[in-house]
Amino acid sequence: MTDVKAPPQPAVTVAAPHKRRRLDRRHIPVLATLALLALMYGLGVANYDNFSDTQVLLNVFVDNAFLLVVAAGMTFVILTGGIDLSVGAVVALTTVVAATLLNDGWPAALVLPLVLLIGTTLGLGMGLVIHYFKVEPFIATLAGMFLARGLSLLINRNSIPITDPFWTAMAQERIRFGPGIFISTSVVIALVVVLAGAFVLAYTRFGRTVYAIGGNADSALLMGLPVGRTRIAVYTISGFLSALGGVLLSFYMLSGYSLHAQGMELDAIAAVVIGGVILTGGSGYLFGTVLGVLVLGLIQTILTFQGTLSSWWTRIVVGILLFAFIVLQRLVTRRAR
Amino acid sequence: MTAIVKHRLFWPAVVLVLLLVSNVFFAPRFFTITLQDGHLYGSLIDVLRSATPLALVALGMTMVIATGGIDLSVGSVMAISGAVACLFIGDLSDQGSVGGVLLAVGLALVLSLVAGIWNGVLVSVIGIQPIIATLILMVAGRGIAQLLTGGQIINVSSPPFRVIGAGYALAIPVSVIIVAVVVAAAVLLIRRSALGVLVEAVGASPTASRLAGIRSRGLTIMAYMFAAVCAGIAGLIFSSNVASADSNAAGNLIELDAILAVVIGGTALTGGRFSIAGSVLGAVLISALDITTYTIGVPAETTLLFKAVVVVILCLSQSAAFRAAVFRRRRTPAVTPAAEVPA
C-alpha cells in the first residue's frame, strides 16, 4: 500500500502478501473485459467480410465518442460509491440549449462555454444537495434528471437542426491517417478527456481521495481527507462531462432534441460496470470504462454486420453482460475478504 | 388539530386537494360526476382510473423499499406481462373466450413472478446492490418484451380482456376495483400479521434482524416477488386499456414515478418504516398532477418540471440535515444541538 502510483485497494487489504507475483485482484474485471473485447472482435472478423478493416474499429470510437465522455464522468461518481442518473437528461438539455441559441444567431464562441457552464452548474447543485442535505445520490440525481429533461421539453418539444458554421465544421472535420482511415474531432476530445481523467485519478491527491471515499467514506473523513469537497466535485465533473458529451452529440447529430440520449444514463452505467469498476466504489480504472464503451459499441457493430438480428438484441446482450460482470465482481470482491 | 397537521400524510393530502381545486378555475365541471349508462363519468374518476397502474406499481415498490431495496425493473415487467397476455390472446381461436383470457392473465402473472424471483435471488442470495441487480432486468426485460412481440404493437380484440382495464362493474371502473382489492389484501396480509414488522426490521437493520432470528433472505425475495406481480397486474391493466401490447410505451419511466409516489407517501428510501396508504395517495397525487397540467393546457411533458420541484422539496423536507439547518435559524442558538457538521 505504499505504492503511491496505484490507487488504494478497497477497505480490506490482504494480510501477509505472498511473495509470489500473482494476478492482482483489482485487475481481474478489466482483464475479463479485455478478453471479452478480443473475443467479440475475433468473432466479428471470422464471421463477416470487411470486419477487419481498421475503419470499423475506428467507427466504434466515432459513433460512441459522446458516450465515452459521459461514461468517464460516471466513472468518477461510481468510484466514490455514488450514482448519477441525470447524465442523459443533461446531454439532451445541452443539445437543445445549444441548438436554440445558435438558431437565434448567438456566436458559437459564446454558446459553447455557456452550455458547458449550465451542465457544470447542474452537477454542482446536485453535489451540494447530496452532500449538505444528505439526500441519497439516487434521488437527488433523479430530481436533476426530471429537471433537465423537463427544461429541455419546455424550451422546445421538436427537433431543432443546427446550421452554425462552427458546429458543421466540427461535425465534418476528419483527421485522416490514410485512405479511408479517419477519426472525427469528437474522438480526439473524448480521448483527451479520458487521458486527463485517468491522470487525475491515478496521480493526484484528488484522485486518491475519490478512491478513498469509495473504499470507506467514514475512514476517509477520519483520515482528514476533504470528503465533502471531493464528493461535490465528483458530481460537478459528471455534470461538466455530460454537457461536453451533449456538445459532442450535437456535433454528431447536428440537431438539438429533448428526446436525445434517452436511457444514456443506463448505457453509461453499463459501460462502467462492464469496464470493471466496482459499484460500491473504491476500485476500478477509467481505462476499464473505455473498454466497456468499446464492448457496447462492438455489440452494435456486430448486430449491424449481422443485419438479420433486431436492435432489441442489443438490450438483451447488454443485460446478460451486465449480469455476468456483476457476478464476476461479487466473486472477486468476496474472495478478497 | 396538531395531530392532524403532524400526520405524515397531511401535506401530501393538502397538495392533492389544492391540485384538484385548481382545476375548477380551468374546467368548472371538474368535480361533477355523472352516471351514464350505469357508468360513473367525471374528471375525478379519470384521475383514479389513470392512477391505477401507478398505484399498483407503487404498492409493490413500497414493500421493496421497506426492505431497504429498490426495483427499477417494474416498467420492463409491465411490458413483458402485457406482451405475453396479448400474444396468448392473439393466438386464441376465439378471442372472446373467458377461459382463454384467464389463462393468458395467469401466464402473464406467473412470468412476472419469475421475474420477481430473479430480482430477489440476485439481491438477497448473490448479494448484488438492488439498484444494479434490478437494472439488469430493466435493460434486458424490455428487450425480451420486444423480442416476444417482434418489435410490433400487438392488437387484440377480446371483450373479456378489455374488461380488466376499461370495463365497469357496479358503475365503478374495474381497474379501480382491482387496485382496491389488491391494496386491501396487502394491508390485511402485511399489517394484520407480523409480516409488516418483520419487513420493517429487515429494512431498518439487516444485521440486527438476522441476529434476532428473522429470515431476511426469504422476506426480501418475497418483497421482490410481490413488486413484480403488482407490476404484472399493472401491465395487464395498461395493455387492456389500450387493447394492445406496446413494448416501448408500457411502463416507460414508471419506475421513477413509482419511487416518487413512495417518497411522497412518507416512506424513506433507506428502508424500514413504510406506509401503504401513503404510496397509494402519492400515486393518486401524481396522476392528479398529470391531469391538472392537461386541463390547464400546459404541454404534458412539463409535468417533469413539476415533478422535479416536488422531488426536491420532499427530499429536502425529509432530510434531517436540511431541517436542522432551517430550524437552527428560528430557534435561539443556545438550545440547538449542533447539526451534523459536513466536512
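Each value in this text was obtained by applying a stated rule to the coordinates, not by laboratory testing. Predicted model only: the values in this text are computed from it and were never measured. Reconstructed Cβ throughout: ideal geometry from the backbone, glycine too, with neighbour counts over all protein chains shown.
Taken along its principal axes, the alpha carbon cloud of chain A reaches lengths of 64, 53, 34 Å, longest axis first. In the protein assembly as shown, a dipole from Cβ-located charges (positive for Lys and Arg, negative for Asp and Glu) runs towards its positive end, and of B:Leu122, B:Asn241, A:Ala65 it is B:Leu122 whose Cα lies farthest in that direction.
With each label modelled as a point 7 angstrom along the Cα→C-beta vector, the B:Val197-B:Val121 pair spans 3.3 nm.
Rounded to the nearest 20 debye, the dipole magnitude of the protein assembly as shown is 2560 debye, with +1 charges on Lys and Arg beta carbons, -1 on Asp and Glu beta carbons, and the Cα centre as origin. More than 19 angstrom separation, counting every C-alpha pair in region A:194-337; what % is that? Taking all Cα-Cα pairs of region A:194-337, the fraction more than 19 Å apart is 61 percent. Computed over region B:1-147, the convex hull of the alpha-carbon atoms projects to a mean area of 13.8 nm². Amide hydrogen proximity for B:Ala169: with H placed 1.01 Å from N in the peptide plane, the residues at 5 or more positions away or on another chain lying under 5 Å are B:Val174. For region B:155-239, trypsin sites (Lys or Arg not before Pro) meeting the loop criterion (DSSP other than H, G, I, E, B) and having at most 16 other Cβ atoms within 10 Å: B:Arg192, B:Arg215. Placing one equal scatterer on every Cα of region A:108-223 and applying the Debye formula, the log10 ratio I(q)/I(0) at q = 0.12, 0.13, 0.19, 0.21 Å⁻¹ is -0.75, -0.85, -1.23, -1.28. Per residue, chain A reaches -23500 deg cm²/dmol at 222 nm when only DSSP H runs of four or more residues are counted, each adding -39500 (n - 2.57). Since only A:Ser86, A:Leu249, A:Gly180 are under comparison, the one whose Cα sits farthest along the positive direction of the charge dipole of chain A, derived from C-beta charges on Lys, Arg, Asp and Glu, is A:Ser86. Computed from the C-alpha gyration tensor, the three semi-axes of the ellipsoid equivalent to region A:162-207 are 29, 16, 5 Å, from longest to shortest.
Applying the Karplus relation 6.51 cos²θ - 1.76 cosθ + 1.60 with θ = phi - 60° to region B:257-268 yields 3J(HN,Hα) values of 4, 5, 4, 4, 4, 5, 5, 4, x, x, 7, 7 Hz, where x marks Gly and Pro. Of the chymotrypsin sites (Phe, Trp or Tyr not before Pro) found in region B:24-69, those that fall in a DSSP loop while having at most 15 other beta-carbon atoms within 10 Å are B:Phe25, B:Phe26, B:Phe31.
Membrane-span-like helices of chain A, defined as complete DSSP H segments with a Cα extent of 20 Å or more along the helix axis and a mean Kyte hydropathy of at least 0.0, are identified as A:28-47, A:54-79, A:87-103, A:108-132, A:137-155, A:185-203, A:227-253, A:286-306, A:312-336. Pairwise alpha-carbon distances in chain B exceed 27 Å for 49% of all pairs. Sorted into 5 angstrom bins from 0, the C-alpha pair distances of region A:84-135 split as 4, 20, 25, 19, 14, 9, 6, 3, 0 percent.
Annotation: amide H of A:Phe182 within the under-5 Å range of A:Phe177, sequence separation 5 or more or interchain, hydrogens built in the peptide plane. The ellipsoid equivalent to the alpha-carbon distribution of region A:265-337 has semi-axes of 26, 12, 9 angstrom, derived from the gyration tensor eigenvalues as √(5λ) and listed largest first.
Shape analysis of region B:158-240 places it in the prolate category; the axes a ≥ b ≥ c from the Cα gyration tensor give an a/c of at least 1.5, with a/b above b/c.
Phi angles of region B:196-203 translate, via the Karplus equation with coefficients 6.51, -1.76, 1.60 and θ = phi - 60°, into HN-Hα couplings of x, 5, 4, 4, 4, 5, 4, x Hz per residue; Gly and Pro are given as x.
Considering region A:125-190 at the alpha-carbon level, its Rg and Dmax are found to be 19.2, 56 Å. Kirkwood hydrodynamic radius computed over the protein assembly as shown comes to 26.5 Å, based on all pairs of distinct alpha carbons.
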